[in-house]
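Enquirer: Supplied in structure tokens, the structure appears directly below.
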Amino acid sequence: MKKLVSICLLCVSAYTSAEVAVIVNPNNNNTLDKGMISKIYLGKTKSYADGGKIKAVGQKGTAVAKAFTQNVVGKSSSQFKAYWSKLIFTGKGTPPDPLSSDQAVIDFVASNPLGIGYIDSAKVTDAVKVIGKF
Amino acid sequence: MNKKLLSVVVGLACMSSSAHAEIRINGFASIVAGQTLDDNTSLYGYDDDISYKNESMFALQLSSDLQDGLSATAQIVARGNEDFDAEFEWAYVSYQINDDLKVSGGKMRIPFYRYSDFLDVGYAYRWVRPPQSVYNFAFSTYEGLNLLHNTTLGDWDSTMQVIYGSFSGKVPSAAGATPEQIELNDLMGVNWTVSHDWFSARAAYIVADTTINASSIAGLTAALNGYGLTQQANNLLVDEDDGSFFGVGFSVDYDNFLFDAEYTQIEVTDSLLPDQTQYYASVGYRLNDWTVHLTYENNDDEHDSNRLNTVPVSIAGPNNTVVPVSLDPTNTNAPLLKDLTNQVYLGAKQESSTVTVGARYDFHPSAAFKIDLSRFNDDITDQDIDVLAVAIDLVF
């Protein structure tokens, strides 16, 4: 049984091994650690330390999205979805807009001074600033 | 009423879309098939014939961000046990005062329980249905105001909600019984949830001025009033009596281990409704996309024994005669009102426990398969009823 669990865990970690870069606009000078990023994506933190209103975007069902929820938020995609469905259907919150690709996230963050997103770390460009890799 | 509301909301939706406000559409659905496993038994709306309709439902939520903190939300729910007639379950306008504080007005869910707010969203929990010994209120919405305060206390997240409003509607008082009019006025409540990492705890207290039409005791109360025993009659009627609800619960989601428990107390003073206490405790274990769980529930409804024998057997009549207090004073065999009243109080006694085993399988990013087997035991009659149900829960 234990062996089975560890084999499965191996599969899971292999599946989500892609490194994720969390990016913000180059003009954003706030620092964020993993815990704070997690809170942003769980809707618990709504403003940056300097008071700016956070505009967070996610990705729609991509491998990067799966890696991000697992590595940073510490939830499976299903758990993350269940968490947000509790907030959506009770009017307590709206999840980060799911964009369709790394490029869409880069474009959003590059053009929004208060934007934050996550992408495959291999896709990072000069248009955005990386605040953490997970 | 609902049709009118629907057209108003659709109208608003059209207006706001022309004003370039974004309309967000979300939805959820549950397709549930279930039945009891023995002949001539019924539970949770099932009998011994399989039903695909009883607990199935479909819901759409429209929300519009009207900018500057203002938003409008409507949730339309079609339930199989109401022939999929679409009804507004939620319809409210919210204003985000600041990052921590939000006020909402309209039709919303009464936050009795931990899972109250998303009771219909099966995808959000592990059972086919939350433990029914606790989650047994026939009515679940109110019209009024709601103030929501979110903050952090050190490492802890805190959510406090204050509600004020009223409820009025016809709801079945028991399975198969004719729906009775229920009115809750000056409905007031507060609930507080704190959570940290894998632990969360919640407490709720709600009071309301409660009136419930009870047609089954109309004859008895009329007879009591006929003898001038108005106090005894009023003690049966649910007429502007103080109703109170108290609930505490906590939950643990540690690694792959899940534990949930809730305890609730319901009381409507000086009425035929007994004091009710309910609780459940549930453990679960997550193994990749599977969750297995085991739940024990208990319900105990009883009147305090001092409520018994408050109706006199006889009263003094004219000319020093003694008149029996019965349904028919001219008939010596007519049942005494004292006995009938005692029967109402004693008949309200209920004791039951339920054990549920089940599993959830997240087979798709937006859908889960569930199977639950529940054994309900009536501790008074010692009768067992088994219900087996399978479900597909979706969010979209």
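The values are calculated or read from the model by the stated rules, or taken from the named source; none is laboratory data. Source: prediction; values computed, not measured. Cβ placement follows ideal geometry from the backbone for every residue including glycine, while neighbour counts extend to all protein chains displayed.
Enquirer: Restricting to region B:376-395, and then to whatever is in a strand (DSSP E or B) and of a type in the set (D, E, K, R), can you tell me which residue is surrounded by the most Cβ atoms within 10 Å (Cβ to Cβ)?
Expert: Selected residue: B:393.
Enquirer: Kindly indicate whether any position in region B:61-81 is closer than 30 Å to residue B:385 by Cβ and without any contact (Cβ under 8 Å) to a residue 12 or more places away in the chain.
Expert: The answer is no, given that none of the residues of region B:61-81 is closer than 30 Å to residue B:385 by Cβ and without any contact (Cβ under 8 Å) to a residue 12 or more places away in the chain.
Enquirer: Got at least one residue in region B:159-179 being outside any strand (DSSP E or B), touching a residue at least 12 places away in the same chain (Cβ under 8 Å) and within 13 Å of chain A (Cβ to nearest Cβ)?
Expert: Checked region B:159-179: no residue is outside any strand (DSSP E or B), touching a residue at least 12 places away in the same chain (Cβ under 8 Å) and within 13 Å of chain A (Cβ to nearest Cβ).
Enquirer: Here's something else I'd like to know. Mind listing whichever residues of region B:266-276 are in a strand (DSSP E or B) and either among the acidic types (Asp, Glu) or at pLDDT 95 or above (or both)?
Expert: B:267, B:275
Enquirer: Out of all the residues in region B:268-300, which are among the charged types (D, E, K, R) and either crowded, with 17+ Cβ neighbours inside 10 Å or touching a residue at least 60 places away in the same chain (Cβ under 8 Å) (or both)?
Expert: Answer for region B:268-300, where residues must be among the charged types (D, E, K, R) and either crowded, with 17+ Cβ neighbours inside 10 Å or touching a residue at least 60 places away in the same chain (Cβ under 8 Å) (or both): B:286, B:289, B:297, B:300.
Enquirer: Which residue, of B:362, B:386, B:379, is more than 14 Å from chain A (Cβ to nearest Cβ), touching a residue at least 24 places away in the same chain (Cβ under 8 Å), under 30 Å from residue B:77 (Cβ atoms) and among the acidic types (Asp, Glu)?
Expert: Sole residue among the options that is more than 14 Å from chain A (Cβ to nearest Cβ), touching a residue at least 24 places away in the same chain (Cβ under 8 Å), under 30 Å from residue B:77 (Cβ atoms) and among the acidic types (Asp, Glu): B:386.
Enquirer: Also, quick follow-up: Quick check on this structure: which one of B:178, B:211, B:151, B:193 is surrounded by fewer than 18 Cβ atoms within 10 Å (Cβ to Cβ) and touching a strand residue (DSSP E or B) at 6+ places or on another chain (Cβ under 6 Å)?
Expert: B:151
Enquirer: Against the condition surrounded by 15 or more Cβ atoms within 10 Å (Cβ to Cβ), modelled with pLDDT of 95 or more and under 21 Å from the mean Cα position of the chain (by Cα), how does residue B:33 come out, does it pass?
Expert: No, not satisfied.
Enquirer: Does residue B:324 qualify as being farther than 24 Å from residue B:351 by Cα and surrounded by 14 or more Cβ atoms within 10 Å (Cβ to Cβ)?
Expert: yes
Enquirer: While we're here: Would you kindly identify the strands (runs of 3 or more DSSP E) lying entirely within region A:11-107 that contain at least 1 residues that are within 12 Å of chain B (Cβ to nearest Cβ)?
Expert: Of the strands (runs of 3 or more DSSP E) lying wholly inside region A:11-107, those with at least 1 residues that are within 12 Å of chain B (Cβ to nearest Cβ) span A:97-99.
Enquirer: Select from region B:88-125 the residues that are in a strand (DSSP E or B), within 11 Å of chain A (Cβ to nearest Cβ) and of a type in the set (Lys, Arg) and list them in ascending order.
Expert: Scanning region B:88-125 gives B:102, B:109.
Enquirer: Next question. Find the residue count for region B:301-322, including only residues that are more than 41 Å from the chain's Cα centre (by Cα) and in contact (Cβ under 8 Å) with a residue 60 or more places away in the chain.
Expert: Residues that pass the stated criteria total 1.
Enquirer: Which members of region B:225-242 meet the condition of being under 32 Å from the mean Cα position of the chain (by Cα) and under 15 Å from residue B:329 (Cα atoms)?
Expert: none
Enquirer: Please go through (1) away from every other protein chain (no Cβ under 14 Å); (2) touching a helix residue (DSSP H, G or I) at 6+ places or on another chain (Cβ under 9 Å); (3) of a type in the set (Val, Ile, Thr) for residue B:395 and return the number of the only condition it doesn't satisfy.
Expert: Evaluating residue B:395 over (1) away from every other protein chain (no Cβ under 14 Å); (2) touching a helix residue (DSSP H, G or I) at 6+ places or on another chain (Cβ under 9 Å); (3) of a type in the set (Val, Ile, Thr) leaves (1) as the failure.
Enquirer: OK, next. Checking residue A:102 against (1) touching a Lys or Arg at 6+ places or on another chain (Cβ under 8 Å); (2) within 18 Å of residue B:148 (Cα to Cα), which test does it fail?
Expert: The number of the failed condition is (2).
Enquirer: Scan region B:126-144 and tell me whether some residue there is at pLDDT 90 or above, more than 30 Å from residue B:327 (Cβ to Cβ), within 13 Å of chain A (Cβ to nearest Cβ) and part of a strand (DSSP E or B).
Expert: Within region B:126-144, one or more residues are at pLDDT 90 or above, more than 30 Å from residue B:327 (Cβ to Cβ), within 13 Å of chain A (Cβ to nearest Cβ) and part of a strand (DSSP E or B).
Enquirer: Kindly provide the set of residues from region A:112-134 that are among the hydroxyl-bearing types (Ser, Thr, Tyr) and modelled with pLDDT of 95 or more, ordered by number.
Expert: A:118
Enquirer: Take region B:54-84 and flag every residue that is among the polar types (S, T, N, Q), away from every other protein chain (no Cβ under 13 Å) and out of contact with any Phe, Trp or Tyr (no Cβ under 7 Å at 6 or more places or on another chain).
Expert: Within region B:54-84, B:56, B:81 qualify.
Enquirer: Quick test of your reading of the structure: residue A:131 fulfils all but one of (1) touching a helix residue (DSSP H, G or I) at 6+ places or on another chain (Cβ under 7 Å); (2) more than 30 Å from residue B:122 (Cα to Cα); (3) among the β-branched types (Val, Ile, Thr). Name the failing condition by number.
Expert: Of everything listed in (1) touching a helix residue (DSSP H, G or I) at 6+ places or on another chain (Cβ under 7 Å); (2) more than 30 Å from residue B:122 (Cα to Cα); (3) among the β-branched types (Val, Ile, Thr), residue A:131 misses just condition (1).
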